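Down below is the structure, laid out as C-alpha coordinates.
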Amino acid sequence: MTSKAEYRKKYKELRKQLTSEEREEASLQIANRLLSLDIWQHEFYHIFLPIVKLGEINTEYILNILSGKDKNVVLSKSDFEELRMTHYLLTDNLVIKPNEWGIPEPQNGIQIDPKQLDVVFIPLLAYDESGNRLGYGKGFYDRFLADCRPDILKIGLSYFDAEKAIPHNSDDIKLSHCITPSKTFRF
Ligand SMILES: Nc1nc2c(c(=O)[nH]1)N(C=O)[C@@H](CNc1ccc(C(=O)N[C@@H](CCC(=O)O)C(=O)O)cc1)CN2
Ligand SMILES: Nc1ncnc2c1ncn2[C@@H]1O[C@H](COP(=O)(O)OP(=O)(O)OP(=O)(O)O)[C@@H](O)[C@H]1O
(Lines give C-alpha, C1' and ligand atoms only; values in the text may rest on other atoms or scores of the structure.)
(Ligands and ions follow the chains in the order given, each with its own letter.)
Protein backbone atom coordinates (compact mmCIF):
# COMPACT_ATOMS: atom_id res chain seq x y z
CA MET A 1 0.00 0.00 0.00
CA THR A 2 1.18 3.53 -0.75
CA SER A 3 1.78 5.56 2.43
CA LYS A 4 0.65 9.13 3.14
CA ALA A 5 4.31 10.19 2.92
CA GLU A 6 4.66 8.66 -0.53
CA TYR A 7 1.51 10.40 -1.76
CA ARG A 8 2.77 13.72 -0.37
CA LYS A 9 6.06 13.28 -2.22
CA LYS A 10 4.32 12.27 -5.46
CA TYR A 11 2.00 15.31 -5.51
CA LYS A 12 4.64 17.82 -4.46
CA GLU A 13 6.67 16.59 -7.44
CA LEU A 14 3.74 16.70 -9.85
CA ARG A 15 2.98 20.24 -8.74
CA LYS A 16 6.60 21.33 -9.15
CA GLN A 17 6.54 20.12 -12.74
CA LEU A 18 3.77 22.55 -13.72
CA THR A 19 4.92 25.81 -15.30
CA SER A 20 3.70 29.06 -13.76
CA GLU A 21 1.50 29.56 -16.86
CA GLU A 22 -0.08 26.13 -16.32
CA ARG A 23 -0.71 26.95 -12.64
CA GLU A 24 -2.40 30.24 -13.51
CA GLU A 25 -4.55 28.67 -16.21
CA ALA A 26 -5.58 25.84 -13.87
CA SER A 27 -6.35 28.30 -11.05
CA LEU A 28 -8.61 30.28 -13.38
CA GLN A 29 -10.36 27.12 -14.62
CA ILE A 30 -10.99 26.02 -11.03
CA ALA A 31 -12.54 29.39 -10.20
CA ASN A 32 -14.75 29.23 -13.32
CA ARG A 33 -15.85 25.71 -12.48
CA LEU A 34 -16.78 26.82 -8.93
CA LEU A 35 -19.17 29.37 -10.43
CA SER A 36 -21.50 26.61 -11.61
CA LEU A 37 -21.73 24.92 -8.18
CA ASP A 38 -24.78 25.49 -6.01
CA ILE A 39 -22.74 27.09 -3.19
CA TRP A 40 -23.33 30.82 -3.58
CA GLN A 41 -26.37 31.34 -1.34
CA HIS A 42 -24.27 31.50 1.84
CA GLU A 43 -22.74 34.28 3.92
CA PHE A 44 -19.30 33.30 5.27
CA TYR A 45 -16.62 31.81 2.97
CA HIS A 46 -13.22 30.73 4.28
CA ILE A 47 -10.34 30.69 1.85
CA PHE A 48 -6.58 30.05 1.96
CA LEU A 49 -3.95 32.32 0.48
CA PRO A 50 -1.38 30.29 -1.48
CA ILE A 51 2.21 29.47 -0.54
CA VAL A 52 3.68 30.74 -3.81
CA LYS A 53 7.09 29.06 -3.46
CA LEU A 54 5.31 25.66 -3.29
CA GLY A 55 3.19 26.36 -6.38
CA GLU A 56 -0.19 26.19 -4.62
CA ILE A 57 -3.36 27.15 -6.50
CA ASN A 58 -3.77 30.89 -6.96
CA THR A 59 -7.00 31.73 -5.11
CA GLU A 60 -7.10 35.35 -6.30
CA TYR A 61 -9.73 34.45 -8.94
CA ILE A 62 -11.97 32.97 -6.25
CA LEU A 63 -11.41 36.04 -4.06
CA ASN A 64 -12.59 38.18 -6.97
CA ILE A 65 -15.77 36.10 -7.30
CA LEU A 66 -16.42 36.39 -3.56
CA SER A 67 -15.91 40.13 -3.55
CA GLY A 68 -18.16 40.52 -6.62
CA LYS A 69 -20.86 38.62 -4.76
CA ASP A 70 -20.38 40.72 -1.61
CA LYS A 71 -19.62 37.71 0.58
CA ASN A 72 -17.92 37.76 3.94
CA VAL A 73 -14.44 36.35 3.32
CA VAL A 74 -12.45 34.78 6.15
CA LEU A 75 -8.68 34.13 6.25
CA SER A 76 -6.60 32.25 8.81
CA LYS A 77 -3.47 32.71 10.79
CA SER A 78 -1.59 29.49 11.68
CA ASP A 79 0.09 28.87 15.02
CA PHE A 80 2.82 26.30 14.31
CA GLU A 81 3.35 25.57 18.02
CA GLU A 82 -0.28 24.74 18.79
CA LEU A 83 -0.95 23.54 15.18
CA ARG A 84 -4.15 25.59 15.26
CA MET A 85 -5.60 28.32 13.11
CA THR A 86 -7.46 31.50 14.11
CA HIS A 87 -9.78 33.22 11.64
CA TYR A 88 -10.23 36.86 10.60
CA LEU A 89 -12.67 38.71 8.42
CA LEU A 90 -11.12 40.17 5.26
CA THR A 91 -11.71 43.93 5.33
CA ASP A 92 -10.15 46.85 3.44
CA ASN A 93 -7.78 47.68 6.27
CA LEU A 94 -6.70 44.12 7.10
CA VAL A 95 -2.89 43.86 7.09
CA ILE A 96 -1.60 40.66 5.41
CA LYS A 97 2.04 39.54 5.70
CA PRO A 98 3.77 36.25 4.78
CA ASN A 99 4.81 34.16 7.81
CA GLU A 100 8.05 32.14 7.94
CA TRP A 101 6.49 29.32 5.89
CA GLY A 102 5.48 31.73 3.15
CA ILE A 103 1.77 31.72 4.03
CA PRO A 104 0.27 35.21 3.68
CA GLU A 105 -1.54 35.87 6.97
CA PRO A 106 -3.72 38.53 8.58
CA GLN A 107 -1.91 40.54 11.29
CA ASN A 108 -4.94 42.12 12.91
CA GLY A 109 -8.67 42.26 12.42
CA ILE A 110 -12.05 40.98 13.48
CA GLN A 111 -11.88 37.41 14.73
CA ILE A 112 -14.47 34.94 13.44
CA ASP A 113 -15.75 31.84 15.22
CA PRO A 114 -15.38 28.74 12.97
CA LYS A 115 -19.06 27.95 13.70
CA GLN A 116 -20.01 31.03 11.66
CA LEU A 117 -18.46 29.62 8.48
CA ASP A 118 -20.68 28.18 5.74
CA VAL A 119 -18.14 27.20 3.07
CA VAL A 120 -14.43 26.40 3.28
CA PHE A 121 -12.07 26.07 0.31
CA ILE A 122 -9.32 23.63 1.23
CA PRO A 123 -5.73 23.32 -0.06
CA LEU A 124 -4.71 19.75 -0.87
CA LEU A 125 -1.74 17.69 -1.78
CA ALA A 126 -3.85 14.64 -2.68
CA TYR A 127 -7.39 13.28 -2.24
CA ASP A 128 -9.25 10.13 -3.13
CA GLU A 129 -12.53 9.06 -4.72
CA SER A 130 -14.20 8.89 -1.29
CA GLY A 131 -13.29 12.47 -0.37
CA ASN A 132 -10.37 11.70 1.95
CA ARG A 133 -7.81 14.48 1.85
CA LEU A 134 -4.10 14.77 2.42
CA GLY A 135 -2.27 17.98 3.37
CA TYR A 136 1.26 18.65 4.61
CA GLY A 137 0.66 16.39 7.60
CA LYS A 138 0.41 18.76 10.54
CA GLY A 139 -3.33 18.30 10.93
CA PHE A 140 -4.19 22.03 10.77
CA TYR A 141 -7.29 21.47 8.65
CA ASP A 142 -8.38 18.35 10.55
CA ARG A 143 -8.46 20.38 13.78
CA PHE A 144 -10.04 23.40 12.10
CA LEU A 145 -12.81 21.39 10.41
CA ALA A 146 -13.55 19.59 13.69
CA ASP A 147 -14.43 23.04 15.15
CA CYS A 148 -16.77 23.97 12.28
CA ARG A 149 -20.50 23.14 12.00
CA PRO A 150 -21.04 19.63 10.64
CA ASP A 151 -23.01 21.06 7.70
CA ILE A 152 -20.15 23.26 6.46
CA LEU A 153 -19.32 22.75 2.75
CA LYS A 154 -15.74 21.46 2.45
CA ILE A 155 -14.48 22.14 -1.04
CA GLY A 156 -11.03 20.83 -1.93
CA LEU A 157 -9.13 22.48 -4.77
CA SER A 158 -6.64 20.44 -6.76
CA TYR A 159 -4.64 20.59 -9.98
CA PHE A 160 -4.90 16.80 -10.22
CA ASP A 161 -7.33 13.91 -10.46
CA ALA A 162 -8.38 11.72 -7.48
CA GLU A 163 -6.48 8.67 -6.24
CA LYS A 164 -8.53 5.48 -5.77
CA ALA A 165 -7.90 5.35 -2.01
CA ILE A 166 -5.43 7.10 0.26
CA PRO A 167 -4.83 6.00 3.87
CA HIS A 168 -6.99 7.79 6.46
CA ASN A 169 -8.00 7.49 10.10
CA SER A 170 -10.89 8.48 12.35
CA ASP A 171 -9.61 12.10 12.82
CA ASP A 172 -9.80 12.78 9.09
CA ILE A 173 -12.80 14.84 7.99
CA LYS A 174 -13.88 14.17 4.42
CA LEU A 175 -14.38 16.70 1.67
CA SER A 176 -17.89 17.34 0.37
CA HIS A 177 -16.56 18.40 -3.07
CA CYS A 178 -13.29 18.61 -4.94
CA ILE A 179 -12.74 20.88 -7.93
CA THR A 180 -10.00 20.40 -10.50
CA PRO A 181 -9.51 22.32 -13.77
CA SER A 182 -11.53 19.67 -15.64
CA LYS A 183 -13.72 17.88 -13.06
CA THR A 184 -16.14 18.46 -10.22
CA PHE A 185 -16.30 15.70 -7.61
CA ARG A 186 -19.24 15.42 -5.19
CA PHE A 187 -18.62 13.01 -2.32
N1 LIG B 1 -1.92 28.18 1.71
C2 LIG B 1 -2.01 27.29 2.68
N3 LIG B 1 -2.30 27.69 3.92
C4 LIG B 1 -2.37 26.76 4.92
C5 LIG B 1 -2.17 25.39 4.66
C6 LIG B 1 -1.90 25.00 3.32
O7 LIG B 1 -1.74 23.83 3.00
N8 LIG B 1 -1.83 25.98 2.38
N9 LIG B 1 -2.24 24.49 5.71
C10 LIG B 1 -2.74 23.21 5.58
O11 LIG B 1 -2.75 22.45 6.47
C12 LIG B 1 -1.88 24.99 7.02
C13 LIG B 1 -0.39 25.22 7.08
N14 LIG B 1 0.31 24.02 6.91
C15 LIG B 1 1.64 23.87 6.61
C16 LIG B 1 2.28 22.75 7.09
C17 LIG B 1 3.64 22.55 6.86
C18 LIG B 1 4.35 23.46 6.10
C19 LIG B 1 5.81 23.17 5.85
O20 LIG B 1 6.34 22.26 6.44
N21 LIG B 1 6.50 23.91 4.98
C22 LIG B 1 7.88 23.67 4.66
C23 LIG B 1 8.05 23.06 3.28
C24 LIG B 1 7.25 21.86 3.09
C25 LIG B 1 7.42 21.26 1.73
O26 LIG B 1 8.35 21.51 0.97
O27 LIG B 1 6.56 20.48 1.41
C28 LIG B 1 8.68 24.96 4.66
O29 LIG B 1 8.15 26.00 4.26
O30 LIG B 1 9.85 24.88 5.02
C31 LIG B 1 3.71 24.56 5.59
C32 LIG B 1 2.35 24.77 5.83
C33 LIG B 1 -2.69 26.24 7.26
N34 LIG B 1 -2.58 27.18 6.18
N1 LIG C 1 -9.23 16.87 15.68
C2 LIG C 1 -7.94 16.62 15.98
N3 LIG C 1 -7.47 16.87 17.21
C4 LIG C 1 -6.18 16.62 17.51
N5 LIG C 1 -5.29 16.10 16.65
C6 LIG C 1 -5.67 15.82 15.42
C7 LIG C 1 -7.03 16.08 15.01
N8 LIG C 1 -7.13 15.73 13.71
C9 LIG C 1 -5.90 15.29 13.33
N10 LIG C 1 -5.03 15.32 14.34
C11 LIG C 1 -3.60 14.91 14.27
O12 LIG C 1 -2.91 15.68 13.30
C13 LIG C 1 -1.85 14.91 12.70
C14 LIG C 1 -1.78 15.07 11.19
O15 LIG C 1 -2.91 14.51 10.55
P16 LIG C 1 -2.93 14.12 9.01
O17 LIG C 1 -1.81 13.20 8.67
O18 LIG C 1 -4.31 13.70 8.67
O19 LIG C 1 -2.59 15.55 8.33
P20 LIG C 1 -3.05 16.20 6.97
O21 LIG C 1 -4.51 16.07 6.83
O22 LIG C 1 -2.20 15.69 5.89
O23 LIG C 1 -2.61 17.71 7.24
P24 LIG C 1 -3.37 19.12 7.20
O25 LIG C 1 -4.67 18.97 7.93
O26 LIG C 1 -2.39 20.03 7.89
O27 LIG C 1 -3.57 19.46 5.78
C28 LIG C 1 -2.07 13.48 13.12
O29 LIG C 1 -1.08 13.18 14.07
C30 LIG C 1 -3.46 13.49 13.76
O31 LIG C 1 -3.56 12.57 14.81
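Computed with a 1.4 Å probe over protein heavy atoms only, the accessible surface of the chain comes to 52 Å² per residue. For the chain, the carbon plus sulfur part of the accessible surface works out to 48%, probe radius 1.4 Å.
When the pairs Lys97/Lys164; Lys53/Lys174; Lys4/Lys53; Lys12/Lys115; Lys10/Lys71 are compared against a 29 Å limit on Cα-Cα distance, Lys97/Lys164; Lys12/Lys115; Lys10/Lys71 fall above it. The Rg/Rh ratio of segment 18-128, with Rg taken over Cα atoms and Rh as the Kirkwood radius over Cα pairs, comes to 0.95. Across the chain, Cα-Cα pairs more than 24 Å apart make up 34 percent of the total.
Gly139 sits among other residues whose Cβ lies under 12 Å from its own Cβ, and their net charge, with Lys and Arg +1 and Asp and Glu -1, is +1. With q set to 0.19, 0.26, 0.28 Å⁻¹, the log10 of I(q)/I(0) for segment 112-165, from the Debye formula over equal scatterers at the Cα positions, is -0.68, -1.10, -1.19. In this structure the amide hydrogen of Glu56, modeled in the peptide plane, comes within under 5 Å of the amide hydrogens of Ile51, none closer than 5 places in sequence on its chain. Determine which residues of segment 137-153 fall in the zone a paramagnetic label at Lys4 would reach in this model, i.e. backbone nitrogen under 13 Å from the point 7 Å along Cα→Cβ. Backbone N within reach: 137-143. Only Cα pairs under 8 Å and 6+ residues apart enter the sum, and on that basis the relative contact order of the chain stands at 23 percent. Within the chain, antiparallel bridges make up roughly 55 percent of the DSSP beta bridges whose residues both belong there.
The values are calculated or read from the model by the stated rules, or taken from the named source; none is laboratory data. Every value quoted in this text rests on a predicted model; they were computed, and no experiment measured them. Reconstructed Cβ throughout: ideal geometry from the backbone, glycine too, with neighbour counts over all protein chains shown. To get the accessible areas, we keep the full protein, side chains included, count just its heavy atoms, and leave off ligands, DNA and RNA. Shrake-Rupley method; radii C 1.70, N 1.55, O 1.52, S 1.80 Å.
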